[in-house]
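Working notes, beginning with the structure itself.
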Amino acid sequence: MKIVYTDNNATTMVAPEVVEAMLPYFREYYGNPSSMHTFGGQVARKIDIARQQVADLIGASPEEIVFTSCGTESDNAAITGILRANPHKRHIVTSRVEHPAVYNLCKYLAQNGYHVTELGVDSAGMLNLNELADAVREDTAIVSIMYANNETGVIFPIEEIGSIVKQKGSVLHTDAVQAVGKIPLNLSKSTIDLLTLSGHKLHAPKGVGALFIRKGITSSPFIIGGHQEKNRRGGTENVPSIIGLGRACELAKKYIAEEQSRVKQMRDKLESEILKKTPDPRVNGHKTLRLPNTTNMSFEFVEGEAILLLLNEKGICASSGSACTSGSLEPSHVLRAMGVPFTAVHGSVRLSLSRYNTMEEVDYIIEHLPPIIRRLREISPYGRETKLKEQPAQTSART
Ligand code: PLP
């Protein structure tokens, strides 16, 4: 069966060029980059090139990039690294819509003696910046606010957030796992102090990530061990994956304009056609301040899981929320924070595209998704009760 993969916020296909770049580092160049001999030294030089490639994509200097094992590690390293370096500061500011890598870490810290302020969002998934300004205090060690939301694609005004954080004398970390490679970033002119990225969201393999730590920011290492990564992260480097991440960043730089144009065009067509062809849909998230590849739609009185199963029968891969939370029956904490009605939270589906999708695939989804919703509505007791009249499309989005 033909597979139409539209779950790219969960993970992406490893680009063929990335696989090519990695293979020699399994087969021929297997030396340890810390070894004194030339065989290891050539691997170390290749890691330097990968570091430069990552830095180039986000407008950073190579010395500001630390390789990690994933986005979750980078988030944990960023937050706990700043807390350990500033033991007298016990307050953290974050948002209610963070990925579990930040959200659950902050919950853990709150249970272990830290004070955590969680900022809410409005119905479009946006923060209130006045609330943020009020929340940052003298003892705020770190503000951790994501760049773009994994479930809705909503993009926060991170530079404005950074200016507020700077005025208040604190440090800003942003989880940019979903933003890097999809929208242009330039950290050379930025208020961001620490930034998380993850390989598998931008066509590199799973199990590799990076943390940007701005020059001058004092942070303690998260993994203590050897002298690797200039003592900022112990452990022998995952050489092939780091090289793959570097190559993926180089490719992302080349393709980023395509994300803004072709990928966005596909997403817009998908969204507008589904809205037209389905009774009672809603788009969850800001209409314009959104990643170009993501749409999160709710179909009230229908179970998201049932939609996914029927899409799956057609070979369409989508998600009912974050990949990390969709294994549980807990409704999405992001949609709940946005005040999406309970009946709509349960009927939410996220479709996330990449440069490997085609317009034919989009048309295939447009052909199959609306009949699936109609079929499920017909068998839903709530759907029948509401006698689903064709109503104008609803959206929680602001323009
Ligand atoms: N942060 C965000 C916004 C994510 O979407 C994800 C993955 O879904 C992560 C962090 C965790 O990244 P990783 O899977 O590399 O640990």
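The values are calculated or read from the model by the stated rules, or taken from the named source; none is laboratory data. What you see is a predicted model, and the numbers here were worked out from it, not measured in a lab. Note that we place each Cβ from the backbone using ideal geometry, even for glycine, and neighbour counts take in every protein chain shown. Accessible surface areas use protein heavy atoms only, side chains included; no ligands, DNA or RNA. Shrake-Rupley method; radii C 1.70, N 1.55, O 1.52, S 1.80 Å.
Annotation for K269 and N32: the two label points, set 7 Å from Cα along the Cα-Cβ direction, are 5.3 nm apart. Descending by average beta-carbon neighbour count within 10 Å, the peptides 25-34, 306-315, 148-157 line up as 148-157, 306-315, 25-34, the highest first. Treating r as the C-beta distance of D122 and S163 and R0 as 22 Å, the FRET efficiency rounds to 0.60.
The alpha carbon radius of gyration of region 16-252, expressed as a multiple of 2.2 N^0.38 Å, is 1.01.
If only the Cβ of Lys and Arg carry +1 and only the Cβ of Asp and Glu carry -1, the dipole of region 122-194 around its Cα centre is close to 280 debye.
With point charges of +1 on the Cβ of Lys and Arg and -1 on the Cβ of Asp and Glu, referenced to the Cα centre of region 18-81, which listed residue (G31, V18, A78) lies farthest in the positive direction of the dipole? Positive-most Cα among the choices belongs to G31. The three principal axes of the Cα atoms in the chain give end-to-end lengths of 72, 52, 33 Å, sorted in falling order.
Extension gain, I224 to E303, is 23.9 nm, computed as 0.36 nm per intervening residue step minus the present C-alpha separation. Full extension of the chain between T236 and I217 gives 4.4 nm of extra length, using 0.36 nm per residue less the Cα-Cα distance. With unit charges on the beta carbon (Lys/Arg positive, Asp/Glu negative), name the residue among Y103, I223, S69 whose Cα is farthest towards the positive pole of the charge dipole of region 16-252. Farthest along the dipole direction, towards plus: I223. Principal-axis analysis of the Cα atoms of the chain puts helix 304-313 at an angle of about 90° to the longest axis. With protein chains left intact and a 1.4 Å probe, residues in region 16-252 average 39 Å² of accessible area per residue. Once C-alpha pairs closer than 8 Å and six or more residues apart are averaged by separation and normalised to the residue number of region 16-252, the relative contact order reads 28 percent.
Quick check on the chain: of the DSSP beta bridges with both residues there, what percent are antiparallel, nearest 5%?
Of all bridge pairs located within the chain, approximately 50 percent are antiparallel.
Per-residue surface analysis assigns Y103 an accessible area of about 40 Å², computed on protein heavy atoms at 1.4 Å probe radius.
Between the alpha-carbon centres of region 83-152 and region 164-242 there is a gap of 18 Å. Between amide H atoms placed 1.01 Å from N, distances below 5 Å from D7 occur with S352, all of them 5 or more places distant or on a separate chain. Put simply, when 128-137, 279-288 are sorted by average Cβ atoms within 10 angstrom per residue, most first, you get 279-288, 128-137. Among C70, C106, the sequence by solvent-accessible area, most first, with a 1.4 Å probe is C70, C106. For region 33-40, putting each phi into the Karplus relation 6.51 cos²θ - 1.76 cosθ + 1.60 with θ = phi - 60° gives couplings of x, 8, 5, 6, 6, 4, 4, x Hz, in residue order, rounded to whole numbers and with x for Gly and Pro.
Using unit Cβ charges (K, R positive; D, E negative) and no other charged atoms, how large, in debye to the nearest 20, is the dipole of region 16-252 about its Cα centre? Don't jump to the answer; show the numbers that get you there.
Details: 22 positive and 24 negative charges, 106 e Å.
With Lys and Arg at +1 and Asp and Glu at -1, about 500 debye.
Size of the dipole of the chain about the Cα centre, Lys and Arg at +1 and Asp and Glu at -1 on the beta carbon, nothing else charged, in debye to 20? Can you show the working numbers first?
Numbers: 45 positive and 43 negative charges, 56 e Å.
Charge dipole of the chain: 260 debye, to the nearest 20.
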